[in-house]
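In what follows, a structure is listed as C-alpha coordinates, so that the remarks can point back to it.
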Amino acid sequence: MKNITILADSNITSLNDFFNDSTLGHLTEHTVDIIAVAGRAIDAALLARVQPDVLLIRSVTKVNEALLVNNNSVQFVGSATIGTDHVDQDYLASRNITFANAAGCSKHSVAQYVLTAISTLRPQYWQQSASLTLGIIGLGNIGNTLAQYAYDLGWQVLGYDPLLPASKTNNASLEQVLSQSDVVSLHVPLTNEKNATNPKGSDYPTRHLINAAALAAMPADTILINSARGPVIEESALEADIERTGRQVVLDVFEHEPEVAVSLLSKLAIATPHIAGYTLEGKLRGTQTIYDALCEKLSIPLAQSMSNLLPLNMFLWSELKSYPDRLPKFYDIMQDDTSLRNKAVDGQVSGADFDGLRRDYNLRREWQF
Ligand SMILES: NC(=O)C1=CN([C@@H]2O[C@H](COP(=O)(O)OP(=O)(O)OC[C@H]3O[C@@H](n4cnc5c(N)ncnc54)[C@H](O)[C@@H]3O)[C@@H](O)[C@H]2O)C=CC1
Ligand SMILES: O=C(O)C(=O)[C@H](O)COP(=O)(O)O
(Lines give C-alpha, C1' and ligand atoms only; values in the text may rest on other atoms or scores of the structure.)
(Ligands and ions follow the chains in the order given, each with its own letter.)
Protein backbone atom coordinates (compact mmCIF):
# COMPACT_ATOMS: atom_id res chain seq x y z
CA MET A 1 0.00 0.00 0.00
CA LYS A 2 1.41 3.41 -0.97
CA ASN A 3 1.04 6.32 1.40
CA ILE A 4 0.64 9.83 -0.04
CA THR A 5 1.97 12.48 2.33
CA ILE A 6 0.53 15.93 1.79
CA LEU A 7 2.00 19.02 3.43
CA ALA A 8 -0.59 21.79 3.26
CA ASP A 9 -1.39 25.34 4.33
CA SER A 10 -4.09 25.01 7.00
CA ASN A 11 -5.83 28.08 5.49
CA ILE A 12 -6.91 25.98 2.47
CA THR A 13 -10.69 25.77 2.71
CA SER A 14 -12.14 22.24 3.05
CA LEU A 15 -8.69 20.69 2.85
CA ASN A 16 -9.80 17.43 4.50
CA ASP A 17 -13.00 17.19 2.44
CA PHE A 18 -10.97 17.17 -0.78
CA PHE A 19 -7.82 15.34 0.26
CA ASN A 20 -8.48 12.09 2.15
CA ASP A 21 -8.36 8.29 1.74
CA SER A 22 -11.68 8.11 -0.06
CA THR A 23 -11.20 11.08 -2.42
CA LEU A 24 -7.65 10.13 -3.44
CA GLY A 25 -7.44 6.44 -2.62
CA HIS A 26 -10.91 5.11 -3.43
CA LEU A 27 -9.85 3.18 -6.54
CA THR A 28 -6.23 2.71 -5.59
CA GLU A 29 -4.17 1.30 -2.79
CA HIS A 30 -3.31 4.80 -1.54
CA THR A 31 -3.73 6.05 1.97
CA VAL A 32 -3.42 9.76 2.62
CA ASP A 33 -1.60 11.57 5.42
CA ILE A 34 -2.22 15.30 5.71
CA ILE A 35 0.05 17.59 7.67
CA ALA A 36 -1.57 21.03 7.87
CA VAL A 37 0.38 24.02 9.17
CA ALA A 38 0.24 27.80 8.77
CA GLY A 39 1.46 28.77 5.29
CA ARG A 40 4.29 30.88 6.67
CA ALA A 41 5.51 27.90 8.74
CA ILE A 42 6.20 25.83 5.62
CA ASP A 43 9.97 26.08 5.31
CA ALA A 44 12.94 24.09 4.03
CA ALA A 45 13.52 22.36 7.38
CA LEU A 46 9.89 21.16 7.54
CA LEU A 47 10.04 19.90 3.96
CA ALA A 48 13.29 18.06 4.66
CA ARG A 49 11.77 16.48 7.79
CA VAL A 50 8.32 15.56 6.44
CA GLN A 51 9.40 14.57 2.90
CA PRO A 52 5.89 15.11 1.45
CA ASP A 53 4.86 13.86 -1.99
CA VAL A 54 2.50 16.78 -2.41
CA LEU A 55 2.75 20.41 -1.31
CA LEU A 56 -0.48 22.44 -1.19
CA ILE A 57 -0.14 26.15 -0.58
CA ARG A 58 -1.85 29.51 -0.82
CA SER A 59 -0.15 32.83 -1.50
CA VAL A 60 1.98 33.24 1.62
CA THR A 61 4.40 30.33 1.05
CA LYS A 62 7.32 31.16 -1.23
CA VAL A 63 8.13 28.12 -3.35
CA ASN A 64 11.62 28.27 -4.82
CA GLU A 65 15.04 26.65 -4.73
CA ALA A 66 15.63 27.78 -1.14
CA LEU A 67 12.50 25.93 -0.02
CA LEU A 68 13.08 22.73 -1.96
CA VAL A 69 16.85 22.41 -2.14
CA ASN A 70 17.05 19.67 0.50
CA ASN A 71 13.91 17.86 -0.58
CA ASN A 72 13.64 15.07 -3.15
CA SER A 73 10.13 13.90 -2.44
CA VAL A 74 7.75 16.59 -3.73
CA GLN A 75 6.20 15.70 -7.09
CA PHE A 76 3.26 18.09 -7.14
CA VAL A 77 2.77 21.66 -5.93
CA GLY A 78 -0.74 23.12 -5.95
CA SER A 79 -1.50 26.73 -5.06
CA ALA A 80 -5.20 27.32 -4.35
CA THR A 81 -4.79 30.92 -5.50
CA ILE A 82 -4.99 32.97 -8.67
CA GLY A 83 -1.69 34.77 -8.15
CA THR A 84 1.54 32.86 -8.80
CA ASP A 85 4.17 35.47 -7.97
CA HIS A 86 5.17 33.42 -4.87
CA VAL A 87 6.13 30.39 -7.00
CA ASP A 88 9.29 29.95 -9.07
CA GLN A 89 7.66 27.92 -11.81
CA ASP A 90 10.88 27.62 -13.83
CA TYR A 91 12.61 26.00 -10.87
CA LEU A 92 9.72 23.55 -10.41
CA ALA A 93 9.87 22.67 -14.12
CA SER A 94 13.63 22.14 -13.89
CA ARG A 95 12.95 19.60 -11.11
CA ASN A 96 10.10 18.00 -13.10
CA ILE A 97 7.63 18.92 -10.33
CA THR A 98 4.08 19.46 -11.58
CA PHE A 99 2.56 22.83 -10.68
CA ALA A 100 -1.09 23.92 -10.69
CA ASN A 101 -2.79 27.10 -9.57
CA ALA A 102 -6.44 28.13 -9.53
CA ALA A 103 -6.82 30.69 -12.32
CA GLY A 104 -9.99 32.71 -12.04
CA CYS A 105 -11.22 30.97 -8.86
CA SER A 106 -12.24 34.16 -7.06
CA LYS A 107 -12.81 36.48 -10.02
CA HIS A 108 -16.42 37.29 -9.02
CA SER A 109 -15.47 37.72 -5.35
CA VAL A 110 -12.78 40.29 -6.14
CA ALA A 111 -15.00 42.12 -8.65
CA GLN A 112 -17.75 42.24 -6.01
CA TYR A 113 -15.26 43.62 -3.47
CA VAL A 114 -14.42 46.46 -5.88
CA LEU A 115 -18.09 47.25 -6.55
CA THR A 116 -18.74 47.29 -2.80
CA ALA A 117 -15.85 49.68 -2.18
CA ILE A 118 -17.06 52.05 -4.91
CA SER A 119 -20.65 51.95 -3.74
CA THR A 120 -19.61 52.51 -0.11
CA LEU A 121 -17.53 55.59 -0.96
CA ARG A 122 -19.76 57.03 -3.72
CA PRO A 123 -23.29 55.57 -3.41
CA GLN A 124 -24.54 58.12 -5.94
CA TYR A 125 -22.86 56.23 -8.80
CA TRP A 126 -25.03 53.22 -8.25
CA GLN A 127 -28.14 54.41 -6.44
CA GLN A 128 -28.91 57.38 -8.69
CA SER A 129 -27.46 55.93 -11.88
CA ALA A 130 -24.97 58.80 -11.98
CA SER A 131 -22.53 58.15 -14.75
CA LEU A 132 -19.20 56.67 -13.73
CA THR A 133 -16.11 55.97 -15.75
CA LEU A 134 -14.37 52.94 -14.33
CA GLY A 135 -10.72 52.51 -15.25
CA ILE A 136 -9.49 48.92 -15.15
CA ILE A 137 -5.80 48.10 -15.40
CA GLY A 138 -5.36 44.42 -16.28
CA LEU A 139 -8.19 42.78 -18.20
CA GLY A 140 -7.76 39.10 -17.38
CA ASN A 141 -10.25 37.06 -15.39
CA ILE A 142 -10.92 39.62 -12.66
CA GLY A 143 -10.66 42.83 -14.71
CA ASN A 144 -12.92 41.42 -17.37
CA THR A 145 -15.47 40.16 -14.83
CA LEU A 146 -15.50 43.59 -13.17
CA ALA A 147 -16.14 45.15 -16.58
CA GLN A 148 -19.22 42.92 -17.06
CA TYR A 149 -20.71 44.21 -13.78
CA ALA A 150 -19.86 47.78 -14.78
CA TYR A 151 -21.63 47.42 -18.12
CA ASP A 152 -24.62 45.90 -16.31
CA LEU A 153 -24.78 49.05 -14.16
CA GLY A 154 -24.57 51.29 -17.22
CA TRP A 155 -21.09 52.57 -16.39
CA GLN A 156 -18.40 53.48 -18.92
CA VAL A 157 -15.24 51.37 -18.89
CA LEU A 158 -11.73 52.48 -19.81
CA GLY A 159 -9.51 49.41 -19.89
CA TYR A 160 -5.76 48.96 -20.33
CA ASP A 161 -3.99 45.64 -20.92
CA PRO A 162 -0.96 45.84 -23.23
CA LEU A 163 -0.71 42.04 -23.43
CA LEU A 164 -4.17 41.57 -24.95
CA PRO A 165 -5.54 42.73 -28.31
CA ALA A 166 -7.62 45.91 -28.46
CA SER A 167 -11.33 45.28 -27.80
CA LYS A 168 -14.52 46.97 -26.59
CA THR A 169 -13.04 46.91 -23.07
CA ASN A 170 -9.31 47.05 -23.86
CA ASN A 171 -9.85 50.49 -25.30
CA ALA A 172 -7.40 52.96 -23.74
CA SER A 173 -3.78 53.78 -22.98
CA LEU A 174 -2.45 53.74 -19.42
CA GLU A 175 -2.37 57.54 -19.48
CA GLN A 176 -6.02 57.72 -20.57
CA VAL A 177 -7.14 55.31 -17.85
CA LEU A 178 -5.29 57.27 -15.18
CA SER A 179 -6.34 60.74 -16.29
CA GLN A 180 -9.94 60.13 -17.43
CA SER A 181 -11.44 57.70 -14.89
CA ASP A 182 -13.54 58.41 -11.79
CA VAL A 183 -12.24 55.19 -10.26
CA VAL A 184 -9.08 53.24 -11.19
CA SER A 185 -8.96 49.58 -10.14
CA LEU A 186 -5.83 47.43 -10.46
CA HIS A 187 -6.07 43.79 -11.60
CA VAL A 188 -2.58 42.88 -12.76
CA PRO A 189 -0.23 40.12 -11.59
CA LEU A 190 2.93 41.22 -9.78
CA THR A 191 5.74 41.08 -12.35
CA ASN A 192 9.31 42.35 -12.57
CA GLU A 193 11.17 44.02 -15.40
CA LYS A 194 12.75 41.85 -18.08
CA ASN A 195 16.51 42.48 -18.20
CA ALA A 196 19.85 40.65 -18.50
CA THR A 197 19.61 39.18 -14.99
CA ASN A 198 15.89 38.47 -15.31
CA PRO A 199 15.27 37.33 -18.91
CA LYS A 200 11.89 35.79 -17.92
CA GLY A 201 10.64 39.17 -16.65
CA SER A 202 7.87 41.17 -18.29
CA ASP A 203 8.05 43.82 -21.01
CA TYR A 204 5.25 45.51 -19.03
CA PRO A 205 6.35 45.04 -15.41
CA THR A 206 3.81 45.88 -12.75
CA ARG A 207 6.04 46.38 -9.70
CA HIS A 208 5.58 50.06 -8.84
CA LEU A 209 3.44 50.56 -11.95
CA ILE A 210 1.60 53.11 -9.84
CA ASN A 211 4.43 55.45 -8.83
CA ALA A 212 4.65 59.20 -8.30
CA ALA A 213 4.32 59.91 -12.04
CA ALA A 214 1.24 57.71 -12.42
CA LEU A 215 -0.37 59.26 -9.35
CA ALA A 216 0.35 62.75 -10.66
CA ALA A 217 -1.60 61.87 -13.81
CA MET A 218 -4.73 61.09 -11.78
CA PRO A 219 -7.17 63.87 -10.86
CA ALA A 220 -7.43 64.38 -7.10
CA ASP A 221 -11.02 63.11 -6.93
CA THR A 222 -10.24 59.85 -8.75
CA ILE A 223 -10.54 56.86 -6.40
CA LEU A 224 -7.69 54.31 -6.55
CA ILE A 225 -8.37 50.67 -5.61
CA ASN A 226 -5.70 47.98 -5.29
CA SER A 227 -6.84 44.39 -4.75
CA ALA A 228 -4.05 42.92 -6.92
CA ARG A 229 -0.69 42.81 -5.13
CA GLY A 230 0.76 45.41 -2.73
CA PRO A 231 4.01 46.21 -4.59
CA VAL A 232 2.07 47.27 -7.71
CA ILE A 233 1.78 50.61 -5.89
CA GLU A 234 4.86 52.42 -4.58
CA GLU A 235 3.51 53.13 -1.11
CA SER A 236 5.86 56.00 -0.24
CA ALA A 237 4.63 57.83 -3.35
CA LEU A 238 1.03 56.95 -2.48
CA GLU A 239 1.30 58.44 1.00
CA ALA A 240 2.72 61.66 -0.45
CA ASP A 241 -0.05 61.73 -3.08
CA ILE A 242 -2.83 61.30 -0.50
CA GLU A 243 -1.33 64.06 1.65
CA ARG A 244 -1.23 66.36 -1.38
CA THR A 245 -4.57 65.51 -3.00
CA GLY A 246 -6.76 63.98 -0.28
CA ARG A 247 -7.46 61.14 -2.73
CA GLN A 248 -9.76 58.31 -1.61
CA VAL A 249 -7.69 55.12 -1.77
CA VAL A 250 -8.86 51.55 -1.08
CA LEU A 251 -6.21 48.92 -0.33
CA ASP A 252 -6.76 45.20 0.21
CA VAL A 253 -3.07 44.46 -0.38
CA PHE A 254 0.03 46.20 0.94
CA GLU A 255 3.60 46.62 -0.20
CA HIS A 256 5.04 45.31 3.09
CA GLU A 257 2.29 42.80 3.83
CA PRO A 258 1.61 41.26 6.30
CA GLU A 259 2.83 44.32 8.24
CA VAL A 260 0.92 47.56 7.64
CA ALA A 261 2.15 50.93 8.90
CA VAL A 262 -0.43 53.13 10.61
CA SER A 263 1.02 56.17 8.81
CA LEU A 264 -0.43 54.64 5.63
CA LEU A 265 -3.52 53.02 7.17
CA SER A 266 -4.68 56.31 8.66
CA LYS A 267 -4.69 57.92 5.20
CA LEU A 268 -6.80 55.24 3.49
CA ALA A 269 -10.52 55.54 2.81
CA ILE A 270 -10.96 51.76 3.13
CA ALA A 271 -8.39 49.18 4.20
CA THR A 272 -8.89 45.41 4.40
CA PRO A 273 -6.52 42.50 5.17
CA HIS A 274 -6.15 40.83 1.74
CA ILE A 275 -9.63 39.32 1.79
CA ALA A 276 -11.06 40.55 -1.52
CA GLY A 277 -11.20 36.96 -2.76
CA TYR A 278 -12.37 35.49 0.54
CA THR A 279 -15.80 34.14 -0.25
CA LEU A 280 -16.76 30.56 0.45
CA GLU A 281 -17.22 30.00 -3.28
CA GLY A 282 -13.92 31.66 -4.22
CA LYS A 283 -11.86 29.68 -1.74
CA LEU A 284 -13.63 26.37 -2.38
CA ARG A 285 -13.12 26.81 -6.13
CA GLY A 286 -9.43 27.28 -5.43
CA THR A 287 -9.27 24.01 -3.45
CA GLN A 288 -11.35 22.17 -6.06
CA THR A 289 -9.02 23.29 -8.86
CA ILE A 290 -5.86 21.96 -7.23
CA TYR A 291 -7.67 18.77 -6.20
CA ASP A 292 -8.71 18.24 -9.84
CA ALA A 293 -5.12 18.84 -10.98
CA LEU A 294 -3.73 16.35 -8.45
CA CYS A 295 -6.25 13.70 -9.55
CA GLU A 296 -5.11 14.25 -13.11
CA LYS A 297 -1.48 13.88 -12.06
CA LEU A 298 -2.32 10.63 -10.21
CA SER A 299 -4.55 9.45 -13.10
CA ILE A 300 -7.50 8.86 -10.77
CA PRO A 301 -11.12 9.94 -11.27
CA LEU A 302 -12.56 12.90 -9.35
CA ALA A 303 -14.42 11.91 -6.20
CA GLN A 304 -15.26 15.25 -4.62
CA SER A 305 -16.96 18.41 -5.84
CA MET A 306 -17.46 21.79 -4.19
CA SER A 307 -21.16 21.53 -5.03
CA ASN A 308 -21.37 18.87 -2.26
CA LEU A 309 -19.99 21.32 0.25
CA LEU A 310 -21.80 24.58 -0.52
CA PRO A 311 -24.83 25.62 1.53
CA LEU A 312 -27.70 27.34 -0.27
CA ASN A 313 -26.75 30.74 -1.68
CA MET A 314 -29.45 33.44 -1.54
CA PHE A 315 -27.24 36.34 -2.66
CA LEU A 316 -28.45 37.41 -6.10
CA TRP A 317 -26.77 40.17 -8.08
CA SER A 318 -30.13 40.96 -9.72
CA GLU A 319 -31.61 41.75 -6.27
CA LEU A 320 -28.71 43.95 -5.22
CA LYS A 321 -28.72 45.77 -8.54
CA SER A 322 -32.38 46.71 -8.03
CA TYR A 323 -32.04 47.45 -4.31
CA PRO A 324 -28.53 48.88 -3.76
CA ASP A 325 -29.44 49.98 -0.22
CA ARG A 326 -29.28 46.26 0.67
CA LEU A 327 -25.51 46.26 0.10
CA PRO A 328 -24.56 46.00 3.82
CA LYS A 329 -26.52 42.72 3.95
CA PHE A 330 -24.56 41.44 0.93
CA TYR A 331 -21.17 42.69 2.10
CA ASP A 332 -20.41 45.20 4.85
CA ILE A 333 -16.87 46.15 3.83
CA MET A 334 -16.55 48.68 6.67
CA GLN A 335 -16.62 45.83 9.18
CA ASP A 336 -13.47 44.43 7.56
CA ASP A 337 -11.96 47.92 7.55
CA THR A 338 -12.69 48.38 11.28
CA SER A 339 -11.28 44.96 12.19
CA LEU A 340 -7.98 45.86 10.51
CA ARG A 341 -7.75 49.34 12.05
CA ASN A 342 -8.52 47.87 15.51
CA LYS A 343 -5.32 45.80 15.27
CA ALA A 344 -3.07 48.87 15.04
CA VAL A 345 -0.60 48.95 17.96
CA ASP A 346 2.49 51.17 18.31
CA GLY A 347 2.27 52.55 14.80
CA GLN A 348 1.62 49.33 12.95
CA VAL A 349 -0.52 46.28 12.38
CA SER A 350 1.72 43.29 13.05
CA GLY A 351 2.10 40.41 10.63
CA ALA A 352 0.64 38.04 13.22
CA ASP A 353 -2.50 40.18 13.61
CA PHE A 354 -2.89 40.66 9.85
CA ASP A 355 -2.57 36.90 9.28
CA GLY A 356 -4.90 36.21 12.22
CA LEU A 357 -7.68 38.31 10.66
CA ARG A 358 -7.34 36.30 7.47
CA ARG A 359 -7.16 32.92 9.23
CA ASP A 360 -10.29 33.65 11.27
CA TYR A 361 -12.19 35.42 8.47
CA ASN A 362 -15.90 34.71 8.28
CA LEU A 363 -16.04 33.84 4.57
CA ARG A 364 -18.59 35.90 2.63
CA ARG A 365 -20.88 34.40 0.01
CA GLU A 366 -20.38 35.18 -3.67
CA TRP A 367 -23.33 37.00 -5.24
CA GLN A 368 -24.79 34.98 -8.09
CA PHE A 369 -24.32 36.91 -11.33
N1 LIG B 1 -6.83 40.51 -3.20
C2 LIG B 1 -7.14 39.24 -3.43
O3 LIG B 1 -7.74 38.60 -2.58
C4 LIG B 1 -6.81 38.62 -4.74
C5 LIG B 1 -5.84 39.16 -5.56
N6 LIG B 1 -5.56 38.59 -6.78
C7 LIG B 1 -4.55 39.21 -7.64
O8 LIG B 1 -5.20 39.68 -8.83
C9 LIG B 1 -4.33 39.46 -9.93
C10 LIG B 1 -5.13 39.41 -11.22
O11 LIG B 1 -5.97 38.28 -11.24
P12 LIG B 1 -6.65 37.74 -12.60
O13 LIG B 1 -7.38 38.81 -13.28
O14 LIG B 1 -7.39 36.52 -12.24
O15 LIG B 1 -5.36 37.36 -13.40
P16 LIG B 1 -5.24 37.12 -14.99
O17 LIG B 1 -3.92 36.48 -15.20
O18 LIG B 1 -6.46 36.44 -15.49
O19 LIG B 1 -5.22 38.61 -15.57
C20 LIG B 1 -4.17 39.51 -15.37
C21 LIG B 1 -4.14 40.44 -16.57
O22 LIG B 1 -3.18 41.47 -16.31
C23 LIG B 1 -2.58 41.78 -17.56
N24 LIG B 1 -1.34 42.52 -17.36
C25 LIG B 1 -0.09 42.04 -17.09
N26 LIG B 1 0.79 43.06 -17.00
C27 LIG B 1 0.08 44.20 -17.21
C28 LIG B 1 0.43 45.58 -17.22
N29 LIG B 1 1.68 46.01 -17.03
N30 LIG B 1 -0.56 46.48 -17.43
C31 LIG B 1 -1.84 46.08 -17.63
N32 LIG B 1 -2.22 44.79 -17.67
C33 LIG B 1 -1.26 43.86 -17.44
C34 LIG B 1 -2.40 40.43 -18.24
O35 LIG B 1 -2.25 40.59 -19.64
C36 LIG B 1 -3.70 39.73 -17.86
O37 LIG B 1 -4.68 39.88 -18.85
C38 LIG B 1 -3.65 38.13 -9.56
O39 LIG B 1 -2.41 37.97 -10.24
C40 LIG B 1 -3.46 38.27 -8.07
O41 LIG B 1 -2.19 38.82 -7.80
C42 LIG B 1 -6.23 37.49 -7.20
C43 LIG B 1 -7.20 36.91 -6.42
C44 LIG B 1 -7.55 37.40 -5.11
O1 LIG C 1 -5.80 34.09 -5.20
C2 LIG C 1 -4.96 34.99 -4.95
O3 LIG C 1 -4.08 35.33 -5.74
C4 LIG C 1 -5.02 35.66 -3.63
O5 LIG C 1 -4.51 36.74 -3.46
C6 LIG C 1 -5.77 34.96 -2.57
O7 LIG C 1 -7.10 35.21 -2.54
C8 LIG C 1 -5.20 35.19 -1.23
O9 LIG C 1 -4.53 34.04 -0.92
P10 LIG C 1 -4.02 33.71 0.55
O11 LIG C 1 -3.38 34.93 1.02
O12 LIG C 1 -5.16 33.23 1.30
O13 LIG C 1 -2.95 32.74 0.44
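The values are calculated or read from the model by the stated rules, or taken from the named source; none is laboratory data. Everything numeric in this text was worked out from a predicted model, so none of it was measured. Note that we place each Cβ from the backbone using ideal geometry, even for glycine, and neighbour counts take in every protein chain shown. Quick note on the areas: whole protein, heavy atoms, side chains included, nothing else; ligands and nucleic acids left out. Shrake-Rupley method; radii C 1.70, N 1.55, O 1.52, S 1.80 Å.
All conditions in (1) more than 17 Å from A80 (Cα to Cα); (2) touching a strand residue (DSSP E or B) at 6+ places or on another chain (Cβ under 8 Å) hold for I57, with the sole exception of (1).
For the range 284-369, please list each of the helices (runs of 4 or more DSSP H) lying entirely inside it that holds at least 3 residues being at pLDDT below 95 and buried (at least 18 other Cβ atoms within 10 Å of the Cβ).
Details: elements: 317-322, 327-330, 333-341, 351-359.
The helices (runs of 4 or more DSSP H) meeting that bar number zero.
Where in the range 97-206 are there strands (runs of 3 or more DSSP E), lying wholly inside it, with at least 3 residues that are buried (at least 23 other Cβ atoms within 10 Å of the Cβ)?
Details: elements: 98-100, 133-137, 156-160, 183-186.
By residue number, 133-137, 156-160, 183-186.
Using the structure shown, decide if S106 is within 13 Å of ligand 2 (Cβ to nearest atom) and at pLDDT 95 or above. If you could, list the steps in order and put the result at the bottom.
Values: within 13 Å of ligand 2 (Cβ to nearest atom): yes; at pLDDT 95 or above: yes.
It is true that S106 is within 13 Å of ligand 2 (Cβ to nearest atom) and at pLDDT 95 or above.
Within the range 11-53, if we keep just the residues that are among the hydroxyl-bearing types (S, T, Y) and in contact (Cβ under 8 Å) with a residue 60 or more places away in the chain, the residue that is least open to solvent (accessible area, probe 1.4 Å) turns out to be T23. Scanning the range 269-299 for residues that are of a type in the set (G, A, S), away from ligand 2 (no atom under 12 Å from the Cβ) and farther than 17 Å from V77 by Cα yields A269, A271. Exactly one residue out of L209, L251 is farther than 20 Å from S350 by Cα and either open to solvent by 10 Å² or more (accessible area, probe 1.4 Å) or within 16 Å of ligand 2 (Cβ to nearest atom) (or both): that is L209.
Is it the case that T279 is more than 22 Å from Y125 (Cα to Cα), open to solvent by 20 Å² or more (accessible area, probe 1.4 Å), of a type in the set (S, T, Y) and within 16 Å of ligand 1 (Cβ to nearest atom)?
No.
How about the range 76-94: which of its residues are away from ligand 2 (no atom under 12 Å from the Cβ) and either out of contact with any helix residue (DSSP H, G or I) (no Cβ under 7 Å at 6 or more places or on another chain) or among the acidic types (D, E) (or both)? Let's see the steps before the verdict.
So in the range 76-94, the residues away from ligand 2 (no atom under 12 Å from the Cβ) come out as 76-78, 88-94.
Within the range 76-94, D88, Q89, D90, L92, A93, S94 meet the criteria.
Per-residue answers, yes or no, for (1) part of a loop (DSSP other than H, G, I, E, B); (2) away from ligand 2 (no atom under 16 Å from the Cβ):
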residue: S22; (1), (2): no, yes
residue: D33; (1), (2): no, yes
residue: R40; (1), (2): no, no
residue: L47; (1), (2): no, yes
residue: P52; (1), (2): yes, yes
residue: L56; (1), (2): no, no
residue: V60; (1), (2): yes, no
residue: N70; (1), (2): yes, yes
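For T169, the conditions (1) among the polar types (S, T, N, Q); (2) within 13 Å of ligand 1 (Cβ to nearest atom); (3) more than 23 Å from S106 (Cα to Cα) all hold with the exception of (3).
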